[in-house]
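The values are calculated or read from the model by the stated rules, or taken from the named source; none is laboratory data. What you see is a predicted model; the values in this text were computed from it and never measured. Positions of Cβ are backbone-derived with ideal geometry, glycine not excepted, and every protein chain shown enters the neighbour counts.
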Amino acid sequence: MNKFFLITAFIALSFTCAFAQINTAGSPVSASKAKIVLFIAEQNIDSPRSAWWASEVDLSSTEAEIARQLLDSGYEIIEPGAMEEVINQRKAYRMTNLSDNTSIKMATLARADYVILGKAVASAGGNVPQSNMRSCFANLTVKLINVKTGKVMAYLDASGNSAHMDVISGGREALVNAGRQIAVKIIDKLKTIAQYTSS
């Protein structure tokens, strides 16, 4: 009888361990609770380069699209308003062109897990044939940085395009399209990191 109970207990324990392993291996979303801060300086057509941390504005068109995609995937975005106390600590934190080290320092103070640091630039092309519209393009490059280790986890880029009668509006659309494309790459990379760290 004792042997029967021991065998039963062993089988139950084996099933419990197996279930735990399957659950862990299949949960890359465990990193979806990661806190992310976006530092992407943006320059639209006929406009100066701008950055929310330098000019006390909200997220740029590019950042807003990336943030939307990340939020939909379960990640947490640290909003500009939550960074105000951090930014006010040093004048260097209001520079449009942030270095990797400065962005990491700011993200550390904000208790972020990852930094997305980069630049987005829109430009105007020629007229669209047989229309009053102008071709608009955007190029976006970013680094995904692990705040704790300071390591660059990925260098990513994307481009977007649009056609519009107003080049500023067209540039904004192109920037949003580029942001949408790079957000997919960022999410894929974060999932890969989560799978690697959980295995």
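Brief remarks on what is shown
- Within region 46-60, considering residues that are surrounded by fewer than 18 Cβ atoms within 10 Å (Cβ to Cβ) and not in a loop (DSSP other than H, G, I, E, B), the one farthest from the chain's Cα centre (by Cα): 55
- Filtered by the rule that a residue be within 15 Å of residue 75 (Cβ to Cβ) and either crowded, with 18+ Cβ neighbours inside 10 Å or touching a Pro at 6+ places or on another chain (Cβ under 6 Å) (or both), region 146-178 gives a lone residue, 147.
- Subset of region 150-173 [in contact with a Ser or Thr (Cβ under 7 Å, 6 or more places away or on another chain), touching a residue at least 40 places away in the same chain (Cβ under 8 Å) and under 15 Å from residue 65 (Cβ atoms)]: 172
Residues checked against (1) under 17 Å from the mean Cα position of the chain (by Cα); (2) under 15 Å from residue 43 (Cα atoms); (3) at pLDDT below 90:
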site	(1), (2), (3)
62	yes, yes, no
92	no, no, yes
105	no, no, no
114	yes, no, no
122	no, yes, no
131	no, no, yes
137	no, yes, no
143	yes, no, no
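- Residue check for residue 111: closer than 19 Å to residue 190 by Cβ and surrounded by fewer than 13 Cβ atoms within 10 Å (Cβ to Cβ): yes
- Filter result for residue 31 (closer than 24 Å to residue 141 by Cα, modelled with pLDDT of 90 or more, under 20 Å from the mean Cα position of the chain (by Cα) and assigned to a helix (DSSP H, G or I)): no
- Only listed residue being hydrophobic (A, V, I, L, M, F, W, C), closer than 18 Å to residue 186 by Cα and out of contact with any Asp or Glu (no Cβ under 8 Å at 6 or more places or on another chain), chosen from 82, 92, 67: 67
- Consider region 69-97 and keep the residues that are charged (D, E, K, R) and part of a helix (DSSP H, G or I). The one that is farthest from residue 138 (Cα to Cα) is 85.
- Flag if residue 66 is within 12 Å of the chain's Cα centre (by Cα), in a helix (DSSP H, G or I) and touching a residue at least 60 places away in the same chain (Cβ under 8 Å): yes
- Which listed residue is under 20 Å from residue 59 (Cβ atoms), of a type in the set (Phe, Trp, Tyr) and in contact with a helix residue (DSSP H, G or I) (Cβ under 6 Å, 6 or more places away or on another chain), from 114, 93: 93
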